[in-house]
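First the structure, in the form of structure tokens, and then the observations on it.
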Amino acid sequence: MKTLNSEGIILGRTNFGEADRIITMLTPDRGKLTLIAKGVRRQNSKLAGGLELFCVSDIMFMYGRGEIGTLISARLKKHYENISKDLERTMTAYEFVKRVHKSTEDEPEEEYFRLLQTTLENLNDYRVSIRIIDLWFSSQLLRLSGYSPNLQTDENGERLKSNVSYNFNLDKMTFSASEGAAINDTHIKLLRLAFDKRNPLILQRISGVENLLPETLSLVRGMLELHI
């Protein structure tokens with residue numbers, strides 16, 4: 001059979017038999033791959049070094065006759081090792097990987113791979129707040145899955161205003177004006193940036209962003225739990 005090359009990020013792995021492991025990988029050009037890594041659990045396995053969690057690996061593989069292909073080789077291209085040195089970042093990375101795994105089909109578009117890659121890059125950078133990364137990642141996952149909120153007009157079609165406070169309808173993904181509500185124009189501006197395709201570093205540079213995060217992150221997490 002023909003051997004193929006790609007990049008991959010591990011989404012899941014399961015021990016199989018005495019020394020093998022079934023690996024699920026997200027790639028930019030081949031979608032999600034389920035591959036058997038034969039003998040990878042043996043001490044002298046050449047595959048083991050290229051199959052770390054929270055890394056991008058160059059892989060060579062063959063499709064199988066069924067759903068499971070065979071991993072031929074794996075070489076670390078980029079290992080985000082700082083993630084594993086911090087417990088909170090490690091647990092956050094696990095959660096993000098699990099969410100991407102859950103929300104993607106067999107042939108997801110390349111943007112899902114790039115989203116996870118960029119997210120791991122930022123989790124690897126201790127200068128970037130975990131909560132900001134969480135806001136950006138969750139917003140981008142919603143966008144890619146087709147669940148972006150209406151950040152321009154309210155439920156009546158009126159443009160959102162700077163001197164009005166709003167409630168948010170999770171089912172309709174729209175805002176409604178309500179005196180004394182928790183969401184205002186500064187939260188909405190942050191949401192617009194979070195749902196944009198830019199890097200989370202943009203959010204990190206916003207003055208007073210930490211004060212906006214509790215309400216904004218809670219709102220986005222609510223969207224994520226309901227729709228994905």
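Each value in this text was obtained by applying a stated rule to the coordinates, not by laboratory testing. Remember, predicted model here, so these are calculated numbers, not experimental data. All Cβ positions, glycine included, derive from the backbone under ideal geometry; neighbour counts span all protein chains shown.
Across the Cα atoms of region 4-79, what radius of gyration and what greatest pairwise Cα-Cα distance (Dmax) are found, in Å?
When restricted to the Cα atoms of region 4-79, Rg and Dmax are 11.1, 32 Å.
Which Cα, out of N167, Y126, Q140, lies furthest along the positive dipole direction of the chain (beta carbon charges, K/R +1, D/E -1)?
My answer, from the dipole projection, is Y126.
Let a ≥ b ≥ c be the square roots of the eigenvalues of the Cα gyration tensor of region 81-121; is it rounded (a/c under 1.5), or, if not, prolate (a/b larger than b/c) or oblate?
oblate
Placing +1 at every Lys and Arg Cβ and -1 at every Asp and Glu Cβ, with all other atoms neutral, what dipole size does the chain have around its Cα centre, in debye to the nearest 20?
Result for the chain is approximately 820 debye, rounded to the nearest 20.
Relative to the compact globular guide of 2.2 N^0.38 Å, what is the alpha carbon radius of gyration of region 25-123, as a ratio?
1.10
Is the shape of region 138-180 best called rounded, prolate or oblate, per the rule: a/c under 1.5 gives rounded, else a/b larger than b/c gives prolate, else oblate, with a ≥ b ≥ c the square roots of the Cα gyration tensor eigenvalues?
Prolate shape, in that a/c is at least 1.5 and a/b is the bigger ratio.
Among S178, G222, M62, pick out the residue whose Cα is farthest towards the positive end of the charge dipole of the chain, where Lys and Arg carry +1 and Asp and Glu carry -1 on C-beta, about the Cα centre.
M62
Can you give me the distance in nm between label points at Y147 and I68, each placed 7 Å from the Cα along the Cα-to-Cβ direction?
Distance between the two pseudo-spin positions: 3.1 nm.
Roughly what would the spin-label model give for M91 and R192, points 7 Å off Cα along C-beta, in nm?
For the pair M91/R192, the computed spacing is 3.5 nm.
Which residues does the label zone of N82 cover in region 184-217, counting backbone N under 13 Å from a point 7 Å along Cα→Cβ?
Backbone N within reach: 201.
Check cross-link reach from K77 to the aspartates and glutamates: straight Cα distance under 17 Å, and skip same-chain residues fewer than eight apart.
E7, D29, E52, D58, E121
For region 4-61 and region 143-194, what is the separation of their C-alpha centers, rounded to whole Å?
A separation of 42 Å, based on Cα centres.
About the Cα centre, and with charges only on the beta carbon of Lys, Arg (+1) and Asp, Glu (-1), how big is the dipole of region 4-79? Nearest 20 debye, please.
120
Less than 11 Å Cβ to Cβ from L35, Lys/Arg counted +1 and Asp/Glu -1: what total charge do the surrounding residues give?
Around L35, the charge tally is +3.
Between their Cα atoms, which of K2/K38; K32/K78; K32/K98; K46/K102 are more than 23 Å away from each other?
K46/K102
Mind listing the phi-derived Karplus ³J(HN,Hα) values for region 164-172, rounded to whole Hz, using 6.51, -1.76 and 1.60 with θ = phi - 60°, and x for any glycine or proline?
With the stated coefficients, region 164-172 comes to 10, 9, 9, 9, 10, 9, 5, 5, 8 Hz.
Using a Gaussian network for the chain with springs between C-alpha atoms less than 10 Å apart, which of these wobbles most: Q43, Q140, Q152?
Among Q43, Q140, Q152, the largest mean-square fluctuation in the Gaussian network model of the chain belongs to Q43.
Return an integer: the convex hull volume of the alpha-carbon atoms of region 83-227, in Å³ per residue.
Value for region 83-227: 111 Å³ per residue.
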